[in-house]
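Worksheet: the structure to be examined is printed underneath.
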Amino acid sequence: MSATQLHKLKSAITVSRRYFRMRAGLMFGLCAALGWGGYLAATRHAVAEGLTSNDLAFIRYTTAGIILGPWLLLHWRDRCSGLSLSRSLILALLAGPPLVMLVAGGSRHAPFATGMLVELAVLAVVGILLATWWLGERLDAIRVAGLVALTVRIIVVAGPVFLCCTSRSWMGVIMYAGAGCMFAAFVALVEKWQIEPLAATAVVSVMSACTFG
């Protein structure tokens with residue numbers, strides 16, 4: 001095989017891997033969006049049935065802590081070496097009980113459809129911005145178009161809520177938006193610190209269960 005053919009083969013393999021990673025990322029993103037939407041719907045239902053923010057945080061993190069605690073003990077040294085105490089605390093603050101409290105608080109004040117649309121849109125917008133500023137990813141035309149479309153969506157959905165002075169729904173919208181910002185920061189830090197997602201989830205769950213459960 002000549003050098004030219006070898007170079008073409010390597011280029012084809014690189015392009016194939018890039019497209020595979022892109023498709024895999026899109027599939028994972030779709031699954032995450034579906035899971036997040038289901039979580040918001042379940043939280044809304046739980047709040048309507050009378051559960052408090054403390055109840056929801058206790059159920060979520062105690063259950064997750066019990067399930068992931070043994071895994072964390074077994075793999076702390078080999079798969080969680082990049083997680084110092086300070087980093088663990090930061091991640092627990094961003095994806096721990098404060099996040100649940102914001103979502104539950106938003107569910108009490110804002111309509112579910114409005115809150116879900118705002119939170120997911122803010123999550124995507126802040127995620128793109130953090131990927132550009134913190135992670136050095138290129139802001140290409142597709143991402144710019146996405147930013148514009150999502151920003152317009154936030155304005156269209158949340159604008160009428162803030163213009164309605166007789167409603168307290170704006171408080172819920174702010175809480176939903178805050179939850180979206182927090183989770184976007186959590187994901188960006190996990191990527192920036194090169195932490196395995198399962199390890200980050202386990203640390204957040206166990207620390208939240210110990211401090212809040």
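Observations on the structure shown:
- Within-11-Å neighbourhood charge of Leu130 [Cβ basis; K, R +1; D, E -1]: -1
- Segment 77-162 - percent relative contact order, Cα under 8 Å, separation 6 or more: 30 percent
- Longest segment of the chain lacking chymotrypsin sites (Phe, Trp or Tyr not before Pro) that sit in a DSSP loop with at most 15 other Cβ atoms within 10 Å: 1-133
- The modelled label-to-label distance between Leu73 and Met171, using points 7 Å beyond Cα along the C-beta direction, is 4.3 nm.
- Largest first, the three principal axis extents of the alpha carbons in segment 108-213 are 44, 44, 17 Å in whole numbers.
- Relative contact order of segment 35-211, defined on C-alpha pairs under 8 angstrom at six or more residues apart (%): 41 percent
- Note on segment 35-211: dipole from Cβ charges, positive end direction compared against Leu83, Val173, Leu198; the farthest Cα belongs to Val173.
- Highest mobility in the GNM of the chain, judged by mean-square fluctuation with C-alpha springs under 10 Å and restricted to Gly115, Gly25, Gly106, is found for Gly25.
- A simple spin-label model places the labels of Asp140 and Val156 2.6 nm from each other, with each point 7 Å out along Cα-to-Cβ.
- Neighbourhood charge, 11 Å Cβ-Cβ cut-off, centred on Arg108 and excluding it, Lys, Arg +1 and Asp, Glu -1: +2
- Mean residue ellipticity (222 nm) of the chain, computed from DSSP H runs ≥ 4 via -39,500 (n - 2.57), nearest 500: -30000 deg cm²/dmol
- Table column - 3J(HN,Hα) (Hz), segment 70-85, Karplus curve with 6.51, -1.76, 1.60, x for Gly and Pro: x, 4, 5, 5, 6, 10, 4, 6, 8, 10, 10, 5, x, 9, 7, 5
- The Rg/Rh ratio for segment 35-211 is 1.00, where Rg is the radius of gyration of the alpha carbons and Rh is the Kirkwood radius.
- Additional length obtainable on full extension of the chain from Ile59 to Cys164, 0.36 nm per residue less Cα span: 34.3 nm
None of the figures in this text is laboratory data; all of them are computed from the coordinates on show. All values derive from a computational prediction rather than experimental measurement. Here the Cβ is made from the backbone with ideal geometry for all residues, glycine too, and neighbour counts use every protein chain on show.
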